[in-house]
Amino acid sequence: MPINVSQLLKASIGSRRSYEVGETINIAGGNSVVQGKVGLMRTDRSILVKGTLRTEVEVTCSRCLSLFSRPLTLNIEEEYFPIIDVVSGAPLSLPEEPGCFTIDEHHILDLTEAIRQYMLIAIPMKPLCREDCAGLCPSCGHNLNEGPCNCLPRRTESRLSELIKLTSANDVSVNEGKGTK
Ligand SMILES: [Zn+2]
Ligand SMILES: [Zn+2]
């Protein structure tokens, strides 16, 4: 989102402007609409951008591999450095910070790249469609969130019958112990 900040660059230190953000960002193979408000403040050397933006991205669940939409909140805080002096047009030296954001020679501050970077950081490495996602059956690949598959109940039944055998055996020994007292 390009914002012309020539007026703000001419304003006194501490001057503020606020902008509504409504931008479509192409990320993670899809388009995400980013919305919110940012405040721009003139500092002695830059324009400080601060704001909270909201968006949603399509991600793949790391357990069941289904696509789902995950909301993201982006707390943006970035300094943008002008490459030329707004009054004289003379080039300005930039700080030695790697990847610092700049305001171009037409006094355009572009938020797009910062929003994209904040989104990349906010997308979880191993997203889950829900906290208790049941995942896929390891033998047939069925999505267990949609209900049990044909291989799972058989295994559960056999385990359950073994458990019942064990419990009844214990019951017998307990009863015998009680009887001898
Ligand atoms: Zn899942
Ligand atoms: Zn299965």
Query raised in the report: According to a simple spin-label model (label point 7 Å from Cα along Cα-to-Cβ), what is the distance in nm between M125 and E96?
Result: 3.1 nm
Report task. Could you calculate the FRET efficiency of T43 with N145 from 1/(1 + (r/R0)^6), where r is the beta carbon distance between them and R0 is 41 Å, rounded to 0.05? Result -> 0.25
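Over region 1-139, give the accessible area per residue in Å² for a 1.4 Å probe, as an integer.
Values: 8070 Å² over 139 residues.
Result: 58 Å² of accessible area for each residue.
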Query raised in the report: What list of ³J(HN,Hα) values in whole Hz, one per residue of region 141-150 in order, does the Karplus curve 6.51 cos²θ - 1.76 cosθ + 1.60 (θ = phi - 60°) give from phi, with Gly and Pro shown as x?
Result: x, 5, 6, 6, 5, 8, x, x, 8, 7
Query raised in the report: Given H placed on each backbone N at 1.01 Å, which residues far from L92 in sequence or on other chains put an amide H within less than 5 Å of it?
Result: I84, D85
Query - FRET efficiency, 1/(1 + (r/R0)^6) with R0 41 Å, evaluated for T24 and D132 via beta carbons - result: 0.80
Report summary line: Rounded to one decimal in nm, the spacing of the 7 Å Cα→Cβ label points at L65 and I108 is 4.3 nm
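The values are calculated or read from the model by the stated rules, or taken from the named source; none is laboratory data. Please read these numbers as outputs of a predicted model, since none were measured by experiment. Note that we place each Cβ from the backbone using ideal geometry, even for glycine, and neighbour counts take in every protein chain shown. Accessible surface is based on the protein model in full, side chains and every heavy atom, while ligands, DNA and RNA are left aside. Shrake-Rupley method; radii C 1.70, N 1.55, O 1.52, S 1.80 Å.
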